[in-house]
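The values are calculated or read from the model by the stated rules, or taken from the named source; none is laboratory data. This is a predicted model, so every value here is computed, not measured. Methodologically, a virtual Cβ is constructed for each residue, glycine included, from the backbone with ideal geometry; neighbour enumeration extends over all protein chains shown. To get the accessible areas, we keep the full protein, side chains included, count just its heavy atoms, and leave off ligands, DNA and RNA. Shrake-Rupley method; radii C 1.70, N 1.55, O 1.52, S 1.80 Å.
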Amino acid sequence: MKNVKVIAGVVGIEWTDENGVVRTGTKEASDGVFSVDDKTAERLVAKGTVEYVGYTAPAPAEEPAEAADESDEEDLAVLPNSALKAMIEELGGDTRNCRNKTQLIELLEELRAEADEEEPPCVSAADPE
């Protein structure tokens, strides 16, 4: 298990509670530090959504862009609809017309692509008076 904290967006997670029941939910930056299994931590750190707390990760090996795209789609498919909706709403999307998980994933990918295309705002230092 690794301790991590969210640094970008919302992360859908799955865990087993003290009664052995599998639970799902979301974490965001305001939730602070939480623990996930090593494989999940590695995947989320590689995506840039979380960072390790109290652990230094080895340098990641580069993977082909196609493989990264495929794993992103698979990762979204395992998230609960509530996590997908939270991620969509954070990007300003409206989920009312989405009838199933496939539509939620398509909308999320569309919103992410639009966000990637937007130019960053022009920020300059204030003029000294």
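Among the residues of segment 1-15, those identified as within 15 Å of Leu79 (Cα to Cα) and either open to solvent by less than 80 Å² (accessible area, probe 1.4 Å) or not acidic (Asp, Glu) (or both) are Gly9, Val10, Val11, Gly12, Ile13, Trp15. Consider segment 18-55 and keep the residues that are within 13 Å of Ala8 (Cβ to Cβ) and of a type in the set (Val, Ile, Thr). The one that is surrounded by the most Cβ atoms within 10 Å (Cβ to Cβ) is Val50. Looking only at residues that are touching a residue at least 60 places away in the same chain (Cβ under 8 Å) and under 20 Å from Asp116 (Cβ atoms) in segment 80-91, which one is surrounded by the fewest Cβ atoms within 10 Å (Cβ to Cβ)? That would be Glu90.
Across segment 16-37, what is the total count of residues that are closer than 15 Å to Ala83 by Cα and either assigned to a loop (DSSP other than H, G, I, E, B) or among the polar types (S, T, N, Q) (or both)? Total satisfying the criteria: 2. Contact annotation: residue pairs with Cβ atoms under 6 Å, 6 or more positions apart or on different chains, pairing a residue in segment 1-18 that is among the polar types (S, T, N, Q) with a partner that is open to solvent by 20 Å² or more (accessible area, probe 1.4 Å), are Asn3/Val33; Asn3/Ser35; Asn3/Val53; Asn3/Gly54; Thr16/Val22. Checking the stated criteria, Glu74 turns out not to satisfy the condition of being at pLDDT 85 or above, over 21 Å from Glu114 (Cβ atoms), charged (D, E, K, R) and loosely packed, with under 12 Cβ neighbours inside 10 Å.
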